[in-house]
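Note sheet for the following structure.
The values are calculated or read from the model by the stated rules, or taken from the named source; none is laboratory data. Because the structure is predicted, anything quoted here is derived from the model rather than measured. Here the Cβ positions follow ideal geometry from the backbone for every residue, glycine too, while neighbour counts run over all protein chains shown. All accessible areas refer to the heavy atoms of the entire protein, side chains included, with ligands and DNA or RNA removed. Shrake-Rupley method; radii C 1.70, N 1.55, O 1.52, S 1.80 Å.
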Amino acid sequence: MTASSVSPSVSVPARRLDRKDARTLLLSALGGALEFYDFVIFVFLTATLRQLFFPPGMPGWLAELQVYGIFAAGYLVRPIGGIVMAHFGDRSGRKRMFALSVFLMALPTLCIGLLPTYAQIGIAAPLLLLFLRIVQGIAIGGEVPGAWTFVAEHAPPGRVGFACASLTAGLTAGILIGSLISTAINTWFAPAEVLGWAWRVPFLIGGVFGFLAVYLRRWLSETPVFTAMRESRQLVRELPLKQVLRDHRAGVVLSMLVTWLLTAAIVVIILMTPTLVQSQFGIAPQRAFLGNSLAAFCLTLSAIGGGLLVDRLGRGRALLIGSLGVFASSFALYYDLNHGGANFLPLYALAGVFVGVVGVIPAVMIAAFPAPVRFSGLSFSYNVAYAVFGALTPPLIGTLAPKLGGMTAAYYVMAVAVIGVLVSVYLLRTKQRFHEH
């Protein structure tokens, strides 16, 4: 069978969400939470790693910049990991790559917790840290698209939105867990204890629980969609990515645009805002991070709500509601901050609710590609867009801030939310072109 004759979709019998599906979603979300925890715990401990892995005489700003550079390296290699793992996921099976990605995250996380510091082995310490971070980036590049593909292809038709959203909620819960554990370490232990040994605890916890996630994923089965393709000889014969770039460019563009919305919502509202409100608006650190915890908690819950909207209203309408909510809530949050910030906590929580649009986005991307090249199409689009927009967003906001003032972050998110609105209109007009399975 030639690549051009591959069926664009695979028929899966209609049925209800059963106990086996629930177990699959639970184990997938748990593994995703642990893997994302392993990936983000690094940034929560930046100040500590700066002191431990670079020469003591180095200026603080330079050491911090180098730590962030190591952190960024994990993002930059995401497309490489995603493309390679997606290739084998489309050719050999979703389950194998799904388990491999967790292993590749758990091992370097555990090793970071055991690494000697600069005082013990010199320049080898930051080099080893960089290498382990790169392995983490390769793993996360395959995990997120692979996880969305895996749970979507396990879900019954009509429940794909909920399946993808439950996995997304698990990923965001990993961010929240990382924030809470790093806060607890810095609260329970004196600074000298943190530098001496306690900084290792979050990494060791992540490594151990990551291996537990590897074990748990042994109980998951291959997706019915991939199994049906293999049995009917519909697996893609040529390079999956080659077929994606030749035949599904519209799906690539669509997926990159919605990924841009995802990065704007997550990077600006969830990750950057706690720092911005302290530096630009004088919000106390404790209040800033309380607001962030509230927003992250609301995001985790509302992501599931976004998936339920997809199943009930369709991808286009759900994305439209989420994009308009992101537009309005980001404006309200930063408008209030520019006028004293009296309502900072409730408005930040509200913004977190509408960032739950990230629960809609994976269902949009899943439907943009047919099953034989779905993993590769989603992985390439998501990882390349996330690497580009995720890397450019902070410096772009910093560059525009002197001209646009305290509303800069909001204006950026609002502009990208308009793109989300336009994509939702496109979905409503062309939904017949998209693939449910």
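A few comments on the model shown:
- Looking only at region 94-112, residues that are of a type in the set (Gly, Ala, Ser) and modelled with pLDDT of 75 or more come to 2 in all.
- Residue selected from region 332-351 under the condition within 19 Å of Gln286 (Cα to Cα) and without any contact (Cβ under 8 Å) to a residue 12 or more places away in the chain, by the criterion least open to solvent (accessible area, probe 1.4 Å): Asp336
- First in region 238-252 and within 12 Å of Ser376 (Cα to Cα), second anywhere and of a type in the set (Asp, Glu) and at pLDDT below 80, Cβ under 8 Å, 6 or more apart: Pro240/Asp90
- Looking across region 161-200, the residues that are open to solvent by less than 10 Å² (accessible area, probe 1.4 Å), out of contact with any Pro (no Cβ under 9 Å at 6 or more places or on another chain) and more than 21 Å from Ser101 (Cα to Cα) come down to Val194, Ala198, Trp199.
- Within region 366-389, residues that are closer than 20 Å to Gly316 by Cα reach partners that are open to solvent by 10 Å² or more (accessible area, probe 1.4 Å) and aromatic (Phe, Trp, Tyr) with beta carbons closer than 6 Å, at six or more positions or on different chains, in the pairs Ala367/Phe434.
- Restricted to region 233-331, the set of helices (runs of 4 or more DSSP H) holding at least 3 residues that are over 30 Å from Ala47 (Cα atoms) comprises 240-247, 249-263, 285-313.
- Test: Phe150 is within 30 Å of Gly316 (Cβ to Cβ) and of a type outside the set (A, V, I, L, M): yes
- Scan of region 1-56 for residues that are at pLDDT below 70 and touching a Pro at 6+ places or on another chain (Cβ under 7 Å), ordered by number: Val6, Pro8, Ser9, Val12, Ala14, Arg15, Arg16, Leu17
- In region 100-109, the residues that are hydrophobic (A, V, I, L, M, F, W, C) and buried (at least 20 other Cβ atoms within 10 Å of the Cβ): Val102, Leu104, Met105, Ala106
- Test result for Leu290, free of Cβ contacts under 8 Å to residues at least 60 places away in the same chain and over 20 Å from Val418 (Cα atoms): yes
- Qualifying residue in region 117-126 (condition: modelled with pLDDT of 75 or more and under 15 Å from Phe203 (Cα atoms)): yes
- Of the residues making up region 115-133, those that are in a helix (DSSP H, G or I) and closer than 24 Å to Val40 by Cβ are Tyr118, Ala125, Pro126, Leu127, Leu128, Leu129, Leu130, Phe131, Leu132, Arg133.
- For region 127-153, residues that are open to solvent by 10 Å² or more (accessible area, probe 1.4 Å) and either under 13 Å from the mean Cα position of the chain (by Cα) or in contact (Cβ under 8 Å) with a residue 40 or more places away in the chain (or both) total 3.
- Sub-8 Å Cβ pairs linking a first residue in region 154-177 that is under 30 Å from Pro202 (Cβ atoms) to a second residue that is outside any helix (DSSP H, G or I) and at pLDDT 85 or above, at least 6 apart or interchain, are Ala165/Val360, ordered by first then second residue.
- Entirely in region 354-431, the helices (runs of 4 or more DSSP H) that have 2 or more residues that are open to solvent by less than 10 Å² (accessible area, probe 1.4 Å) and in contact with a Lys or Arg (Cβ under 7 Å, 6 or more places away or on another chain): 361-367, 374-404
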